[in-house]
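K.L.:
The following block contains the structure, expressed as structure tokens.
Bear in mind these aren't lab numbers, they're just calculated from the coordinates by the rules spelled out. Bear in mind the structure is a predicted one, so any value in this text is a computation, not a measurement. Counting neighbours? That spans all protein chains shown, and the Cβs are built from the backbone with ideal geometry, glycine included.
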Ligand SMILES: Nc1ncnc2c1ncn2[C@@H]1O[C@H](COP(=O)(O)OP(=O)(O)OP(=O)(O)O)[C@@H](O)[C@H]1O
Ligand SMILES: [Mg+2]
């Protein structure tokens, strides 16, 4: 009946119980979604099944037999494979070499034999990537296909996918789902972890929801809906932020004129980028990660100097200015990496006072009491689950992000640069952050939203620009934007190719 059964699995990290007596099972030929907020215990449970962690208590059965899984090698021997978000591929090797590497120990196998074996596997599973392509030149979607092939080539019957769609553009998601459906037909079992309820509804046969390390329930997908799943996950219904009317911006507050900038390697990361963000609007920058978004956000906060072009905030020319000058001009930045936005060793109160410590200094001395009061006020206002004296490094991702939001937004910036503001956050925290950004727009700030999440771009933006390989390849009002149109631009398809059909053929840069 069950291919895999996990019974009473408990996993502790020190005092923290990440998995608390979890029962989870997999039928042959099913796609089983695993849902839950940040920190609910999803990855931990699957790492146990894949042999990366050892459970403190509980039992795993594969095809009715008790098993002990001590390493990924054990897991693979039992037919269990896992694809994580951070691919474990060797970039300078070819697709074929990566797939066979470490599995076929027969060194007499020549290039041609390896190529042939992989080509056959591709036919068998109908997952196609050029076996001769060098992995470092592949798109994220293609790398993911290689990882899936690698697991299947090693005879996995169970495939664990940890947030596989988080890194994909819509067309690649469709492609992945077709693959998963074909595998299901062939009797494979798939664990699908995602924060996206619509994806879970679309692809899965059953859903197990975790909350605080415990199973809330397992339900057949056909007998549930997004609302119920959201309620199971967070204990209340959330509906996300639905698009309000589209706003027309007023006077330009942020302007980029033909801005060029280099990446850390000294190669051009931004190529003649021109953008205008107006008071009272959100300009969304859509794009697949690594196309210049990080450099863009850094140029706009003084962390990185442009090599050419101009950056204007209001009427002030801030090209190449220091971060403090950007802050003084009213630019608030929510950084892409929230660990960059907080100082882990400082308290929440200290973090909330950062960047304007002068406001808490009396006669050259830090006024701790004022700082604590300030923190208490913001903790209430931004619903942060923390005490002023907690070290910021100990907070969960969502609460850390709220600390940054509180610090940046409480100063009422004229311009808000928000880079991937909800990445990795669960639906409750995501909804909160999005509402805050809309509130900034509504009070008249110019908001630049840089996000890889198309749903987020579509839900919040008044205008949308698409960045691809450091260039703005399209700009359109939100009213004309569809996931398909944006997805094609994001994948680097020209308008002509867009009309002709698929974008996946053009993503092999
Ligand atoms: N190696 C570790 N050491 C200590 N604590 C850990 C470790 N791995 C996970 N945890 C903790 O266990 C809990 C569950 O984490 P887990 O990564 O399984 O959550 P998740 O459901 O996958 O969340 P997300 O949706 O954010 O990926 C969290 O509180 C996390 O901080
Ligand atoms: Mg996880």
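K.L.:
Run the numbers for residue 57 and residue 110: contour at 0.36 nm per residue of separation, minus the present Cα-Cα distance, in nm. Show your work: numbers first, answer last.
P.N.:
Numbers: separation 53, 0.36 × 53 = 19.08 nm, distance 4.54 nm.
Here the answer is 14.5 nm.
K.L.:
Between residue 307 and residue 368, what is the FRET efficiency for a Förster distance of 35 Å, r being their Cβ-Cβ separation, to the nearest 0.05? It would help to have the intermediate numbers written out before the result.
P.N.:
On the way: r = 43 Å, r/R0 = 1.24.
E between residue 307 and residue 368, to the nearest 0.05, is 0.20.
K.L.:
First check a/c for segment 388-453, with a ≥ b ≥ c the square roots of the eigenvalues of its C-alpha gyration tensor; if it is under 1.5, answer rounded, and if not, answer prolate when a/b is larger than b/c or oblate otherwise.
P.N.:
Values: a/c = 2.10, a/b = 1.37, b/c = 1.53.
Here segment 388-453 falls in the oblate category.
K.L.:
Estimate the FRET efficiency between residue 455 and residue 226 by the formula 1/(1 + (r/R0)^6), using the beta-carbon distance for r and 22 Å for R0, to the nearest 0.05. Kindly include the intermediate steps, with their values, before the conclusion.
P.N.:
On the way: r = 13 Å, r/R0 = 0.58.
After rounding, the FRET efficiency stands at 0.95.
K.L.:
Moving on. Which values of log₁₀ I(q)/I(0), to two decimal places, follow from the Debye formula for the chain at q = 0.09, 0.10, 0.13 Å⁻¹ with a uniform point scatterer at every Cα?
P.N.:
-0.71, -0.87, -1.35
K.L.:
Nearest 10 degrees is fine. How inclined is helix 427-442 to the longest principal axis of the chain, computing both from alpha carbons?
P.N.:
The angle comes out near 30 degrees.
K.L.:
Classify segment 16-76 as rounded, prolate or oblate, taking a ≥ b ≥ c as the square roots of the eigenvalues of its Cα gyration tensor: rounded when a/c is under 1.5, otherwise prolate if a/b is larger than b/c and oblate if not. Provide the component values of the computation, followed by the final result.
P.N.:
Values: a/c = 1.64, a/b = 1.19, b/c = 1.39.
Taking the square roots of the gyration eigenvalues as a ≥ b ≥ c, segment 16-76 is oblate.
K.L.:
Across every pair of different alpha-carbon atoms, what Kirkwood hydrodynamic radius in Å does segment 321-372 reach? It would help to have the intermediate numbers written out before the result.
P.N.:
On the way: mean 1/r = 0.0803 Å⁻¹.
Taking the inverse mean of 1/r over all distinct Cα pairs, segment 321-372 comes out at 12.4 Å.
K.L.:
Could you state the orientation-averaged shadow area of the convex hull built on the Cα atoms of segment 343-394, in nm² to one decimal?
P.N.:
3.5
K.L.:
On a 0 to 90 degree scale, rounded to 10, what angle separates helix 397-409 from the longest Cα axis of the chain?
P.N.:
20
K.L.:
Another question, if that's okay. Listed highest first by mean packing, meaning other Cβ atoms within 10 Å per residue, what order do 473-483, 166-176 come in? Please list the in-between numbers first.
P.N.:
On the way: 473-483: 15.5, 166-176: 20.6.
Packing proxy ranking, top to bottom: 166-176, 473-483.
K.L.:
Right, another one. Ratio of alpha-carbon Rg to the 2.2 N^0.38 Å globular estimate for segment 341-485, to two decimals, please. Before the final figure, lay out each step's value.
P.N.:
Numbers: Rg = 17.3 Å, N = 145, 2.2 N^0.38 = 14.6 Å.
Compared with the compact-globule rule of thumb, segment 341-485 sits at 1.19.
K.L.:
Return the FRET efficiency for the residue pair residue 359, residue 381: r is the Cβ-Cβ distance, R0 is 22 Å, and the value is rounded to the nearest 0.05. Write out the running numbers ahead of the final one.
P.N.:
On the way: r = 17 Å, r/R0 = 0.76.
The computed FRET efficiency comes out at 0.85.
K.L.:
Another question, then. Could you work out the Rg to Rh ratio of segment 98-175, with Rh taken as the Kirkwood radius (inverse of the mean 1/r over all Cα pairs)? Could you put the intermediate results ahead of the total?
P.N.:
Numbers: Rg = 13.0 Å, Rh = 13.4 Å.
Across segment 98-175, the Cα-based Rg/Rh ratio is 0.97.
K.L.:
Right, here's the next one. When you count, for each residue, the other Cβ atoms within 10 Å and take the mean per peptide, how do 323-334, 385-396 rank with the highest first? Present the calculation step by step, with values, prior to reporting the outcome.
P.N.:
Values: 323-334: 19.4, 385-396: 16.3.
Per-residue mean Cβ counts within 10 Å order the peptides as 323-334, 385-396.
K.L.:
Could you calculate the contour length gain from residue 23 to residue 93, that is, 0.36 nm times the residue separation minus the distance between their Cα atoms, to one decimal place in nm?
P.N.:
Working: separation 70, 0.36 × 70 = 25.20 nm, distance 3.98 nm.
Full extension of this stretch gives 21.2 nm more.
K.L.:
Calculate the spin-label point distance for residue 322 paired with residue 103, positioning each point 7 Å from the Cα along the beta-carbon direction, and give it in nanometres.
P.N.:
In this crude label model, residue 103 to residue 322 measures out at 5.5 nm.
K.L.:
Just how far, in whole angstrom, is segment 245-310 from segment 347-421 if you go by their alpha carbon centroids?
P.N.:
Taking the Cα centre of segment 245-310 as reference, the centre of segment 347-421 is 26 Å away.
K.L.:
Once the Cα atoms of helix 140-153 and of the chain are each reduced to a long axis, what angle between those two axes, in degrees from 0 to 90 to the nearest 10, is obtained?
P.N.:
Helix 140-153 sits at roughly 20 degrees to that axis.
K.L.:
Any chance you could get the radius of gyration and Dmax over the Cα atoms of segment 1-47, in Å?
P.N.:
Radius of gyration, then largest Cα-Cα span, for segment 1-47: 11.7, 37 Å.
K.L.:
Stretch residue 198-residue 178 to full length: gain in nm at 0.36 nm per residue minus the Cα-Cα span?
P.N.:
Details: separation 20, 0.36 × 20 = 7.20 nm, distance 1.58 nm.
Taking residue 198 through residue 178 to full extension adds about 5.6 nm, to one decimal.
K.L.:
Now, a different point. Take residue 13, project a point 7 Å from its Cα along the Cβ direction, then tell me which residues of segment 32-62 have their backbone nitrogen under 11 Å from it.
P.N.:
39-45
K.L.:
Hey, another quick one. What list of whole percents do you get for P(r) of segment 421-464, with Cα-Cα distances grouped in 10 Å bins up to the one holding the largest distance?
P.N.:
Histogramming segment 421-464 at 10 Å steps yields 27, 61, 12 percent.
K.L.:
If one computes P(r) from the Cα atoms of segment 4-234, what percent of pairs lie at distances over 26 Å? Can you show the working numbers first?
P.N.:
Details: 9866 of 26565 pairs.
In whole percent, the share of Cα-Cα pairs in segment 4-234 beyond 26 Å is 37.
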